[in-house]
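The values are calculated or read from the model by the stated rules, or taken from the named source; none is laboratory data. Nothing here was measured: the structure is a model prediction, and the numbers come from that model. In this analysis, Cβ positions are derived from the backbone assuming ideal geometry, glycine residues included, and neighbour counts consider all displayed protein chains. Side chains included, ligands, DNA and RNA excluded: accessible areas come from the protein's heavy atoms. Shrake-Rupley method; radii C 1.70, N 1.55, O 1.52, S 1.80 Å.
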Amino acid sequence: MTQYHLLCDEARETLWPDPTGPAPVEARQHFDECLACQRFFTVQQALGRRLERLRKITVPDHLRERVRAAIAAERPAQRRGWWVAAGLAAAATLAIGIGLRGPGGDDLAMPFVAEAARVLTPPATFQSSDASEIESWLQVQVGTEVQLPDIADATLMGGRVVNVAGIRTPAAVYDLRGTPLTYFAVPSAEVAGFSASPGSDLMAASADGFEVMVWGEPNGLRAVAARMPRAEIRTIADECRTKALRGLSF
Ligand SMILES: [Zn+2]
């Protein structure tokens, strides 16, 4: 992984709880350059203020356990980070509202959302509605074979080579009844500290109005990102994944 993302967890622990306090220069520099970490502290500070107002409320043990179980079931296992564990005991009620929209989800979503938001902008853009043309173009750009899924009701708009958390990634943009949707074929099993193996559950994340679904395939992670309801993008991700498992594309 890139140094940038290896440092996120470290920077957060170093800067916790106040990113404006005294800190080693590496952590400070990381924070200044890392949108995900800046967002993380913004969310944490807002949460802290809400907790402050709620501190007299005692959360019954049985509720705390239920929330813990619900979150454990929803969140990707590898992102049950220290902040989630630390926050849980005190913030059981608030955690219900945060759910997958918490900072862990943002970390996974941001690298994809930053690119999905650009849709088809130069450079490294190839406009076509023909899957095999786009696949050939992408293959020349990245040097490995790329196969694009057929997505029901969607037409291809083109291909792009994008930067997903430092990883040069072939991507395709689809038009789904007027909504642009970006498909990412990340040539790595790990992005921003998240990893997934073929056949594992979809990882859901969201940021800036985009919903992102990430899953593992034998040759790396795949993701779809679009501004659409989570249920809808989950269906599309399931469709892409099912085709991949059948060997029709990957
Ligand atoms: Zn960071």
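Taken as a whole, the range 14-35 holds no residue that is modelled with pLDDT under 65, within 11 Å of the ligand (Cβ to nearest atom) and in a helix (DSSP H, G or I). Annotation note: of 100, 120, the sole residue that is assigned to a loop (DSSP other than H, G, I, E, B), open to solvent by 10 Å² or more (accessible area, probe 1.4 Å) and modelled with pLDDT under 85 is 120. Taken together, 165, 204, 152 contain a single residue that is of a type in the set (A, V, I, L, M) and farther than 18 Å from residue 234 by Cα, which is 165.
The residues of the range 168-199 that are at pLDDT 85 or above, over 16 Å from residue 128 (Cβ atoms) and small (Gly, Ala, Ser), listed by number, are 178, 185, 188, 189.
Just one of the listed residues (232, 239, 211, 217) is charged (D, E, K, R), within 21 Å of residue 157 (Cα to Cα) and surrounded by 20 or more Cβ atoms within 10 Å (Cβ to Cβ), namely 211.
Across the range 140-149, not a single residue is classified as in a strand (DSSP E or B) and open to solvent by 30 Å² or more (accessible area, probe 1.4 Å).
Take the conditions (1) buried (at least 24 other Cβ atoms within 10 Å of the Cβ); (2) within 24 Å of residue 126 (Cβ to Cβ); residue 176 misses just one of them, which is (1).
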